[in-house]
Amino acid sequence: MIIALNRCMSALYTIGFLKNMLFILPVLMLYYGYKGVSIGDFFLIQGFSQIMVFVFEIPTGYVADIFSRKKTIISGLIIWCLGYLCWILGSGFSYMLAGELCFGFAISLLSGTTEAYIYDLLKKRNKQGSFHKKMGKYSMMQDIGLLLATISGAIIYKIFGGDFTVWLCIITLVMAIIIMCFMPEVEEAKRVVADGKSKMKDILEISIKTIKNFEIRWLMIFSSIYGTLTLVLMWGLQAVMINRDVPVYLFGVILAINAFGRALWGGSAGKLFDNLGLNKILNLLILIVSIAIFSAVASIYVPYAFVFVCLGLMIVASGSVVPARIVSTTLINHQTKSDERATVLSVKSMVEKMGTAFGMIALKPLFDNLGVGDTFMITAILIIPIVLSANILKTFGCKK
């Protein structure tokens, strides 16, 4: 039995909730250590995972356009499960890398495709104008799932161990896969390639057209740089806690607050865009991330009690990537044809992952050789291109 169109968003909210029950996340660096991987190698592996996304992003988006967005999403969730199995079955750098590469491939299948699928489900009901609000709620449900997982993850890890915690992640993913199997296809959004035309040529034409579009290009650049900086802040939470000897049981609390903050950002993103418009949102985001990165630097030097203030500011800023991505994705969707949507959004995601991949790989020698404080100080340089790209968007286009 296929889920009715008017109930599809509720089903997708549930899928997003289950998919993000990442019980292992609040103790991920501890789990890596348990598996024999250093903090520096953790960031190196994360960078390789981002490269995996970069390599497969556009091809998987194109597959979703010409084949099936529903089946592409299901495939991504299955491969995510396989990544967790790699972690459970072995230890050491190679097994952890194999798992992260599976996650990277899964993300390439899901990113772009999920947003395109949601947009076209809404378009079937002439509700595409509410996309930014629906995406905000979808993001909020993902982060509520993350919130519950982070609250319980550290406790589960301490009592039952790391591999049991990862098995719980697999169980919730399987539940999401089952629900997704009952979602409808969006046949009218499938791309039909002209007879005799190479699919590779078709992919290149869409990608080049996307990059040449001035507004889309700068939306992608801003989203990429902003996403890289907020990702550093997110993972930097655990690095700061380890450096300042914060008790393990507080890892879950801090990450739970982070997930709660992201949920609030997701729930308010649509209203913020409606009430403030693009220019004021960009100004707000730049201010928040600037304060947070300098708080991250200060966290290493301030008295212990003030470390938690710095962590709080980092939490707020890392969650602000949610409205940044929702706004950029919404504006890009409104300029994109249905049969190219997943490919175009995959180009956007590819640009974002390219930035985060190089950023995460660069963090390995910085953390290993310079320490946490100096690494954040160097990372602060990214504020300059964020300001530049935001000013270009405000000056030349992307009007609400």
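The values are calculated or read from the model by the stated rules, or taken from the named source; none is laboratory data. Not measured: the values here are computed from a predicted model. Note: ideal-geometry Cβ built from the backbone for every residue, glycine included; neighbour counts use all protein chains shown.
Filtering D143, D163 for residues that are under 19 Å from the mean Cα position of the chain (by Cα), among the charged types (D, E, K, R) and under 29 Å from F42 (Cα atoms) leaves a single hit, D143. Taking the criterion of being under 16 Å from the mean Cα position of the chain (by Cα) and over 27 Å from T336 (Cβ atoms), the residues of the range 53-111 that qualify are E100, L101, C102.
The set of residues in the range 308-324 being outside any loop (DSSP other than H, G, I, E, B), among the small types (G, A, S) and farther than 21 Å from F214 by Cα consists of G312, A317, S318, G319. Tallying residues that are in contact with a Leu (Cβ under 8 Å, 6 or more places away or on another chain) and farther than 13 Å from Y32 by Cα within the range 85-112 yields 5.
Kindly check whether there is at least one residue in the range 247-258 that is buried (at least 21 other Cβ atoms within 10 Å of the Cβ) and at pLDDT 85 or above. Scanning the range 247-258, I find no residue that is buried (at least 21 other Cβ atoms within 10 Å of the Cβ) and at pLDDT 85 or above, so the answer is no. Among the residues of the range 312-335, those identified as surrounded by fewer than 22 Cβ atoms within 10 Å (Cβ to Cβ) and over 18 Å from G227 (Cα atoms) are G312, H334, Q335. Candidates are the residues of the range 227-284 that are of a type in the set (V, I, T) and not in a helix (DSSP H, G or I); the one that is farthest from G33 (Cα to Cα) is V246. In the range 284-311, the qualifying residues are those that are touching a residue at least 24 places away in the same chain (Cβ under 8 Å), surrounded by fewer than 22 Cβ atoms within 10 Å (Cβ to Cβ) and touching a Gly at 6+ places or on another chain (Cβ under 9 Å), and the one that is farthest from S223 (Cα to Cα) is Y301.
What about A357, is it surrounded by fewer than 24 Cβ atoms within 10 Å (Cβ to Cβ) and within 16 Å of the chain's Cα centre (by Cα)? For A357, the condition - surrounded by fewer than 24 Cβ atoms within 10 Å (Cβ to Cβ) and within 16 Å of the chain's Cα centre (by Cα) - is met. Candidates L370, L363, L382: the one that is within 30 Å of I39 (Cβ to Cβ) and in contact with a Phe, Trp or Tyr (Cβ under 8 Å, 6 or more places away or on another chain) is L363. Just to verify a result, which residue in the range 167-195, among those that are within 21 Å of I58 (Cα to Cα) and in a loop (DSSP other than H, G, I, E, B), is farthest from the chain's Cα centre (by Cα)? Only one residue tops the list, namely A194. Against the criterion of being aliphatic (A, V, I, L, M), closer than 18 Å to E352 by Cβ and crowded, with 21+ Cβ neighbours inside 10 Å, M234 does not qualify.
Okay, residues lined up against (1) within 30 Å of A194 (Cα to Cα); (2) among the β-branched types (V, I, T):
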{"position": "A259", "(1), (2)": "no, no"}
{"position": "L264", "(1), (2)": "no, no"}
{"position": "F273", "(1), (2)": "no, no"}
{"position": "I291", "(1), (2)": "no, yes"}
{"position": "V297", "(1), (2)": "no, yes"}
{"position": "A324", "(1), (2)": "no, no"}
{"position": "V327", "(1), (2)": "no, yes"}
{"position": "H334", "(1), (2)": "yes, no"}
{"position": "D339", "(1), (2)": "yes, no"}
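Figure legend. Inter-residue proximity from the range 207-225: first residues within 11 Å of A390 (Cβ to Cβ) and touching a residue at least 60 places away in the same chain (Cβ under 8 Å), second residues among the aromatic types (F, W, Y) and in a helix (DSSP H, G or I), beta-carbon distance below 8 Å, spacing 6+ or different chains. Indicated pairs: W218/F396.
The helices (runs of 4 or more DSSP H) found wholly in the range 52-128 and carrying at least 1 residues that are at pLDDT below 90 and surrounded by fewer than 22 Cβ atoms within 10 Å (Cβ to Cβ) occupy 113-124. Being more than 23 Å from I211 (Cα to Cα), touching a residue at least 60 places away in the same chain (Cβ under 8 Å), surrounded by fewer than 22 Cβ atoms within 10 Å (Cβ to Cβ) and acidic (D, E): is that true of D339 here? Here the answer is no, as D339 does not meet what is asked. Can you name the residue in the range 1-51 that is within 13 Å of M183 (Cβ to Cβ) and part of a loop (DSSP other than H, G, I, E, B) and, of all such residues, is farthest from the chain's Cα centre (by Cα)? Result: M1. Somewhere in the range 325-332, is a residue without any contact (Cβ under 8 Å) to a residue 40 or more places away in the chain, under 24 Å from F260 (Cα atoms) and either part of a helix (DSSP H, G or I) or of a type in the set (V, I, T) (or both)? No, there is no match, as no residue in the range 325-332 is without any contact (Cβ under 8 Å) to a residue 40 or more places away in the chain, under 24 Å from F260 (Cα atoms) and either part of a helix (DSSP H, G or I) or of a type in the set (V, I, T) (or both).
Residues of the range 89-140 that are among the charged types (D, E, K, R) and under 24 Å from T330 (Cα atoms): E115, D120, K123, K124, R125, K127, K133, K134, K137.
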